[in-house]
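Just below is one structure, and these are the notes that go with it.
The values are calculated or read from the model by the stated rules, or taken from the named source; none is laboratory data. All of these numbers come straight from a predicted model, not from anything done at the bench. We place every Cβ from the backbone using ideal geometry, glycine too, and count neighbours over all the protein chains shown.
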Amino acid sequence: MCSLSRAILGALLSISMTLSQIQEIAAQVTPTGVKNIVLVHGAFADGSSWAKVIPLLEARGLHVVAVQNPLSSLADDVSAAKRAIALTDGPVLLVGHSWGGVVISEAGTDPKVAGLVYVAAFAPDDNQSLVDASRGFPPTPGLSEAKPDASGFLSLTPKGILEDFCQDLPLAERKLVLATQGPWAAVCTTDKVSQAAWKVKPSWYIVAAEDRMISPELERQFARTMKATTLEVKTSHVPMLAQPDKVATFIIDAARKISSQ
(Lines give C-alpha, C1' and ligand atoms only; values in the text may rest on other atoms or scores of the structure.)
Protein backbone atom coordinates (compact mmCIF):
# COMPACT_ATOMS: atom_id res chain seq x y z
CA MET A 1 0.00 0.00 0.00
CA CYS A 2 1.46 3.37 -0.95
CA SER A 3 2.09 6.04 1.66
CA LEU A 4 -0.77 8.19 0.31
CA SER A 5 -3.27 5.31 0.63
CA ARG A 6 -2.08 4.58 4.13
CA ALA A 7 -2.50 8.24 5.05
CA ILE A 8 -6.07 8.33 3.67
CA LEU A 9 -6.96 5.08 5.47
CA GLY A 10 -5.53 6.45 8.71
CA ALA A 11 -7.54 9.66 8.36
CA LEU A 12 -10.74 7.70 7.74
CA LEU A 13 -10.13 5.52 10.78
CA SER A 14 -9.47 8.61 12.87
CA ILE A 15 -12.76 10.20 11.71
CA SER A 16 -14.61 6.93 12.41
CA MET A 17 -13.23 6.76 15.94
CA THR A 18 -14.13 10.40 16.58
CA LEU A 19 -17.72 9.87 15.42
CA SER A 20 -17.97 6.79 17.61
CA GLN A 21 -16.77 8.75 20.63
CA ILE A 22 -19.26 11.55 19.94
CA GLN A 23 -22.11 9.05 19.68
CA GLU A 24 -21.04 7.42 22.96
CA ILE A 25 -20.97 10.76 24.77
CA ALA A 26 -24.35 11.76 23.32
CA ALA A 27 -25.86 8.48 24.49
CA GLN A 28 -24.68 9.26 28.02
CA VAL A 29 -26.12 12.79 28.02
CA THR A 30 -29.35 12.42 26.03
CA PRO A 31 -31.74 9.67 27.16
CA THR A 32 -33.26 7.31 24.64
CA GLY A 33 -37.02 6.92 24.56
CA VAL A 34 -39.50 9.69 25.33
CA LYS A 35 -38.07 13.23 25.33
CA ASN A 36 -41.18 15.22 26.40
CA ILE A 37 -42.25 15.38 30.04
CA VAL A 38 -45.54 17.05 31.01
CA LEU A 39 -45.89 17.64 34.76
CA VAL A 40 -49.33 18.02 36.35
CA HIS A 41 -49.49 19.47 39.86
CA GLY A 42 -52.01 18.54 42.51
CA ALA A 43 -54.54 20.31 44.71
CA PHE A 44 -53.43 23.15 47.00
CA ALA A 45 -50.44 23.75 44.71
CA ASP A 46 -49.32 25.21 41.40
CA GLY A 47 -46.68 24.47 38.78
CA SER A 48 -43.91 25.72 41.07
CA SER A 49 -44.23 22.47 43.03
CA TRP A 50 -42.03 20.96 40.30
CA ALA A 51 -39.37 23.70 40.52
CA LYS A 52 -36.66 21.42 41.93
CA VAL A 53 -37.29 18.57 39.47
CA ILE A 54 -37.51 20.59 36.23
CA PRO A 55 -33.81 21.61 36.00
CA LEU A 56 -32.72 18.05 36.78
CA LEU A 57 -34.82 16.72 33.89
CA GLU A 58 -33.72 19.46 31.50
CA ALA A 59 -30.07 18.76 32.33
CA ARG A 60 -30.60 15.29 30.84
CA GLY A 61 -31.87 16.68 27.54
CA LEU A 62 -35.58 16.34 28.25
CA HIS A 63 -38.19 18.91 27.19
CA VAL A 64 -40.30 19.75 30.24
CA VAL A 65 -43.62 21.57 30.61
CA ALA A 66 -45.37 22.18 33.94
CA VAL A 67 -49.12 22.61 33.51
CA GLN A 68 -50.90 25.32 35.49
CA ASN A 69 -54.16 23.68 36.54
CA PRO A 70 -57.16 25.94 37.20
CA LEU A 71 -58.22 23.42 39.89
CA SER A 72 -61.84 24.24 39.07
CA SER A 73 -63.02 20.82 37.84
CA LEU A 74 -61.63 17.60 36.43
CA ALA A 75 -62.72 18.63 32.94
CA ASP A 76 -60.96 22.01 33.23
CA ASP A 77 -57.72 20.48 34.50
CA VAL A 78 -57.78 17.75 31.85
CA SER A 79 -58.22 20.42 29.18
CA ALA A 80 -55.19 22.28 30.51
CA ALA A 81 -53.10 19.09 30.43
CA LYS A 82 -54.25 18.23 26.92
CA ARG A 83 -53.35 21.70 25.64
CA ALA A 84 -49.82 21.19 26.96
CA ILE A 85 -49.65 17.72 25.41
CA ALA A 86 -50.81 19.05 22.04
CA LEU A 87 -47.97 21.57 21.93
CA THR A 88 -45.24 18.94 22.33
CA ASP A 89 -43.33 17.49 19.41
CA GLY A 90 -43.49 13.71 19.80
CA PRO A 91 -44.61 11.27 22.48
CA VAL A 92 -45.10 12.39 26.08
CA LEU A 93 -44.48 10.96 29.53
CA LEU A 94 -47.30 12.38 31.66
CA VAL A 95 -46.52 12.89 35.36
CA GLY A 96 -49.13 13.68 38.02
CA HIS A 97 -48.88 14.53 41.71
CA SER A 98 -51.73 13.99 44.18
CA TRP A 99 -54.97 15.23 42.51
CA GLY A 100 -52.86 15.37 39.35
CA GLY A 101 -53.07 11.57 39.33
CA VAL A 102 -56.81 11.85 38.66
CA VAL A 103 -56.08 14.34 35.88
CA ILE A 104 -53.50 12.15 34.14
CA SER A 105 -55.74 9.10 34.51
CA GLU A 106 -58.26 10.92 32.30
CA ALA A 107 -55.91 12.94 30.06
CA GLY A 108 -53.51 10.02 29.60
CA THR A 109 -55.69 8.32 26.99
CA ASP A 110 -54.47 11.00 24.56
CA PRO A 111 -52.64 9.19 21.70
CA LYS A 112 -49.46 11.21 22.29
CA VAL A 113 -49.12 9.95 25.87
CA ALA A 114 -46.73 7.00 25.95
CA GLY A 115 -46.64 6.43 29.71
CA LEU A 116 -47.74 7.70 33.12
CA VAL A 117 -45.90 8.48 36.34
CA TYR A 118 -47.90 8.90 39.56
CA VAL A 119 -46.21 10.78 42.41
CA ALA A 120 -48.04 10.23 45.73
CA ALA A 121 -51.18 10.42 43.62
CA PHE A 122 -54.74 9.21 43.36
CA ALA A 123 -55.34 6.70 40.56
CA PRO A 124 -59.09 6.10 40.10
CA ASP A 125 -60.43 3.27 37.96
CA ASP A 126 -63.01 3.65 35.18
CA ASN A 127 -66.03 5.67 36.29
CA GLN A 128 -64.46 6.42 39.68
CA SER A 129 -63.91 9.72 41.45
CA LEU A 130 -61.24 10.56 43.99
CA VAL A 131 -63.79 9.81 46.73
CA ASP A 132 -64.71 6.47 45.15
CA ALA A 133 -61.07 5.48 44.85
CA SER A 134 -60.44 6.28 48.54
CA ARG A 135 -63.26 4.21 50.01
CA GLY A 136 -62.19 1.85 52.76
CA PHE A 137 -59.43 4.16 54.00
CA PRO A 138 -59.95 6.61 56.90
CA PRO A 139 -59.57 10.38 56.30
CA THR A 140 -55.99 11.55 56.66
CA PRO A 141 -54.90 14.31 59.08
CA GLY A 142 -54.12 16.68 56.20
CA LEU A 143 -57.47 16.42 54.44
CA SER A 144 -59.23 17.28 57.70
CA GLU A 145 -57.47 20.66 57.46
CA ALA A 146 -59.09 21.47 54.09
CA LYS A 147 -61.64 24.25 54.67
CA PRO A 148 -64.23 25.49 52.13
CA ASP A 149 -64.86 29.13 51.24
CA ALA A 150 -68.15 30.71 50.16
CA SER A 151 -67.46 29.79 46.51
CA GLY A 152 -67.00 26.09 47.18
CA PHE A 153 -63.19 26.08 46.92
CA LEU A 154 -61.06 24.28 49.49
CA SER A 155 -57.83 25.58 51.03
CA LEU A 156 -55.55 24.02 53.61
CA THR A 157 -55.08 25.78 56.91
CA PRO A 158 -51.55 26.89 57.86
CA LYS A 159 -51.45 23.88 60.20
CA GLY A 160 -52.43 21.61 57.30
CA ILE A 161 -49.61 22.89 55.09
CA LEU A 162 -46.91 23.16 57.74
CA GLU A 163 -47.61 19.91 59.61
CA ASP A 164 -49.32 17.61 57.09
CA PHE A 165 -48.69 18.65 53.48
CA CYS A 166 -44.93 19.23 53.50
CA GLN A 167 -43.81 18.68 57.09
CA ASP A 168 -40.33 17.47 56.14
CA LEU A 169 -39.32 20.64 54.27
CA PRO A 170 -37.38 23.49 55.93
CA LEU A 171 -39.72 26.06 57.50
CA ALA A 172 -38.93 28.72 54.87
CA GLU A 173 -39.95 26.32 52.10
CA ARG A 174 -43.11 25.28 53.94
CA LYS A 175 -44.10 28.93 54.23
CA LEU A 176 -43.56 29.35 50.49
CA VAL A 177 -45.84 26.38 49.80
CA LEU A 178 -48.45 27.97 52.07
CA ALA A 179 -48.22 31.30 50.25
CA THR A 180 -48.54 29.71 46.79
CA GLN A 181 -51.22 27.11 47.47
CA GLY A 182 -54.01 26.96 44.91
CA PRO A 183 -57.62 26.76 46.16
CA TRP A 184 -59.24 23.57 44.89
CA ALA A 185 -62.89 23.26 43.87
CA ALA A 186 -64.71 20.80 46.14
CA VAL A 187 -66.57 19.45 43.10
CA CYS A 188 -63.27 17.90 41.94
CA THR A 189 -63.53 15.26 44.64
CA THR A 190 -66.62 13.71 43.02
CA ASP A 191 -65.77 14.27 39.33
CA LYS A 192 -65.37 10.83 37.73
CA VAL A 193 -62.70 9.51 35.38
CA SER A 194 -64.34 8.06 32.27
CA GLN A 195 -61.57 5.68 31.15
CA ALA A 196 -58.49 5.18 33.32
CA ALA A 197 -55.40 5.57 31.15
CA TRP A 198 -53.24 3.44 33.44
CA LYS A 199 -55.22 0.39 32.25
CA VAL A 200 -53.83 0.81 28.73
CA LYS A 201 -50.54 2.68 29.22
CA PRO A 202 -47.33 1.64 31.05
CA SER A 203 -47.28 3.19 34.52
CA TRP A 204 -44.86 4.08 37.30
CA TYR A 205 -45.68 5.05 40.90
CA ILE A 206 -43.84 6.83 43.72
CA VAL A 207 -45.20 6.03 47.19
CA ALA A 208 -44.59 8.68 49.88
CA ALA A 209 -44.15 6.59 53.03
CA GLU A 210 -44.78 9.50 55.44
CA ASP A 211 -47.70 11.04 53.54
CA ARG A 212 -50.34 12.70 55.74
CA MET A 213 -52.58 13.76 52.83
CA ILE A 214 -53.08 10.39 51.11
CA SER A 215 -52.69 7.19 53.10
CA PRO A 216 -49.41 5.52 52.12
CA GLU A 217 -51.25 2.18 52.16
CA LEU A 218 -53.77 3.55 49.66
CA GLU A 219 -50.86 4.65 47.47
CA ARG A 220 -49.40 1.15 47.67
CA GLN A 221 -52.79 -0.27 46.69
CA PHE A 222 -52.95 2.02 43.65
CA ALA A 223 -49.47 0.90 42.60
CA ARG A 224 -50.35 -2.79 43.01
CA THR A 225 -53.61 -2.44 41.09
CA MET A 226 -51.82 -0.73 38.21
CA LYS A 227 -48.97 -3.23 38.33
CA ALA A 228 -46.81 -0.12 38.22
CA THR A 229 -43.05 0.00 38.52
CA THR A 230 -42.86 1.36 42.07
CA LEU A 231 -40.46 3.41 44.17
CA GLU A 232 -41.11 4.08 47.86
CA VAL A 233 -39.48 7.13 49.41
CA LYS A 234 -39.50 8.26 53.04
CA THR A 235 -41.08 11.68 52.51
CA SER A 236 -44.16 13.77 53.12
CA HIS A 237 -46.83 14.29 50.45
CA VAL A 238 -44.37 16.22 48.26
CA PRO A 239 -41.50 13.89 47.23
CA MET A 240 -40.64 16.21 44.33
CA LEU A 241 -39.76 18.95 46.84
CA ALA A 242 -38.39 16.74 49.63
CA GLN A 243 -36.28 14.38 47.48
CA PRO A 244 -36.17 15.86 43.96
CA ASP A 245 -33.11 13.84 42.89
CA LYS A 246 -34.91 10.54 43.45
CA VAL A 247 -38.06 11.76 41.72
CA ALA A 248 -36.14 13.09 38.72
CA THR A 249 -34.13 9.88 38.37
CA PHE A 250 -37.33 7.82 38.50
CA ILE A 251 -38.93 9.95 35.76
CA ILE A 252 -35.78 9.75 33.61
CA ASP A 253 -35.71 5.96 33.96
CA ALA A 254 -39.37 5.75 33.00
CA ALA A 255 -38.74 7.91 29.92
CA ARG A 256 -35.89 5.63 28.87
CA LYS A 257 -37.84 2.43 29.37
CA ILE A 258 -40.98 3.50 27.47
CA SER A 259 -39.56 2.44 24.12
CA SER A 260 -38.96 -1.11 25.37
CA GLN A 261 -42.45 -1.59 26.87
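Some observations on this one:
- All positions within the stretch 52-69 that are part of a loop (DSSP other than H, G, I, E, B), touching a residue at least 40 places away in the same chain (Cβ under 8 Å) and more than 14 Å from L93 (Cα to Cα): K52, V53, R60, N69
- Enumeration of residues in the stretch 121-132 that are out of contact with any strand residue (DSSP E or B) (no Cβ under 7 Å at 6 or more places or on another chain) and either aromatic (F, W, Y) or buried (at least 24 other Cβ atoms within 10 Å of the Cβ) (or both): F122, A123
- Where helices (runs of 4 or more DSSP H) fall wholly inside the stretch 147-261, the ranges with 1 or more residues that are touching a helix residue (DSSP H, G or I) at 6+ places or on another chain (Cβ under 8 Å) and farther than 15 Å from V119 by Cα are 171-180.
- Residue, surrounded by the fewest Cβ atoms within 10 Å (Cβ to Cβ), within the stretch 186-201, restricted to residues that are over 16 Å from the mean Cα position of the chain (by Cα) and either of a type in the set (D, E, K, R) or closer than 12 Å to T235 by Cα (or both): K199
Residue-wise test of (1) among the hydrophobic types (A, V, I, L, M, F, W, C); (2) buried (at least 17 other Cβ atoms within 10 Å of the Cβ); (3) under 20 Å from the mean Cα position of the chain (by Cα).
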residue: V119; (1), (2), (3): yes, yes, yes
residue: K147; (1), (2), (3): no, no, no
residue: K175; (1), (2), (3): no, no, no
residue: S203; (1), (2), (3): no, yes, yes
residue: E210; (1), (2), (3): no, no, yes
residue: R220; (1), (2), (3): no, no, yes
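- Any hit, the stretch 101-111, residues being acidic (D, E) and under 14 Å from S194 (Cα atoms): yes
- T230 over 23 Å from L74 (Cα atoms), among the polar types (S, T, N, Q) and surrounded by fewer than 20 Cβ atoms within 10 Å (Cβ to Cβ): yes
- Candidate set from the stretch 194-239 (those that are out of contact with any strand residue (DSSP E or B) (no Cβ under 7 Å at 6 or more places or on another chain) and among the β-branched types (V, I, T)); member that is nearest to I104 (Cα to Cα): V200
- Screening A186, A209, A172, A179 for residues that are closer than 23 Å to F44 by Cα, without any contact (Cβ under 8 Å) to a residue 60 or more places away in the chain and in contact with a Gly (Cβ under 7 Å, 6 or more places away or on another chain) leaves exactly one candidate, A186.
- Filtering the stretch 90-144 to residues that are of a type in the set (S, T, N, Q), modelled with pLDDT of 95 or more and closer than 23 Å to Q167 by Cβ leaves S98, S134, T140.
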